[in-house]
Amino acid sequence: MITETAHIDSHLIPVLETVSDPEIPVLSVLDLGVIREATEKDGHVTIKLTPTYSGCPAMDVIGDDLRKAFSEVGKTASIELVLAPAWSTDWISEEGLKKMEAYGIARPLSETADKDVLLGNKKLVRCTNCGSTNTHLVSQFGSTACKALFKCDDCQEPFDYFKCLK
């Protein structure tokens with residue numbers, strides 16, 4: 001999703017759509033909402049990128065992938081990390097959330113609901129396999145720090161839940 005605070009030259013969107021998040025490869029950097037700005041001047045593209053969280057190891061890979069994608073269309077690109085405003089799960093596009101769920105990662109809940117499920121107070125996380133909310137937290141950390149591991153008590157399948165970040 002291109003948020004209202006992002007500035008992206010529209011002719012750069014097709015190239016940006018080809019660059020995936022290395023941790024969730026079904027999501028483009030646009031789906032994830034990490035591109036704050038992408039502008040071109042004289043064949044050079046300047047990209048401002050906001051990490052999903054400070055110290056996210058995927059940002060170096062994403063930066064390299066962005067430079068490569070623009071190089072393949074004859075442009076150079078420079079990447080600048082922008083830490084403020086901090087990235088929010090609200091910046092993930094609706095299409096990105098659907099892709100994430102189809103990939104087997106439950107979409108983030110609201111901030112309050114997220115705290116309830118991570119503290120074990122409520123069963124709100126929907127299983128990506130069968131759709132049940134009869135799920136429980138297995139671990140605060142899943143395959144990456146931004147995800148938690150859940151298990152469905154109905155179909156018995158484990159799955160990741162993308163934590164709410166605001």
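The values are calculated or read from the model by the stated rules, or taken from the named source; none is laboratory data. Quick caveat: nothing in here was measured; it's all calculated off a predicted structure. Ideal geometry is used to build each Cβ from the backbone, glycine not excepted, and the neighbour counts take in all protein chains shown.
Regarding the range 86-102, can at least one residue be identified that is without any contact (Cβ under 8 Å) to a residue 12 or more places away in the chain and within 15 Å of D160 (Cβ to Cβ)? Reasoning before the result, please.
Taking the range 86-102 first, the residues without any contact (Cβ under 8 Å) to a residue 12 or more places away in the chain are 97-98.
Keeping just the survivors that are within 15 Å of D160 (Cβ to Cβ) gives 97.
Yes, that holds for at least one residue.
Could you identify the single residue in V73, V45 that is over 19 Å from C164 (Cα atoms), modelled with pLDDT of 95 or more and in a loop (DSSP other than H, G, I, E, B)?
V73
Read through the list (1) over 30 Å from T50 (Cα atoms); (2) crowded, with 18+ Cβ neighbours inside 10 Å; (3) among the acidic types (D, E), then give the number of the only condition that D153 fails.
It fails just one condition, (2).
Residue by residue through the range 133-150, note down the ones that are touching a Lys or Arg at 6+ places or on another chain (Cβ under 7 Å) and farther than 21 Å from P51 by Cβ.
Scanning the range 133-150 gives T133, N134, T135, H136, V138.
So L83 fits all but one of (1) touching a helix residue (DSSP H, G or I) at 6+ places or on another chain (Cβ under 7 Å); (2) among the aliphatic types (A, V, I, L, M); (3) assigned to a loop (DSSP other than H, G, I, E, B); what number is the exception?
(1)
Kindly list, by first and then second residue, each pair from a residue in the range 126-147 that is at negative phi and outside any loop (DSSP other than H, G, I, E, B) to a residue that is of a type outside the set (F, W, Y) and at pLDDT below 90, limited to pairs with Cβ atoms under 8 Å and residues at least 6 apart or on different chains.
These pairs meet every condition: H136/G120; L137/G120.
Please determine whether any residue of the range 142-163 is closer than 23 Å to T18 by Cβ and modelled with pLDDT of 95 or more.
yes
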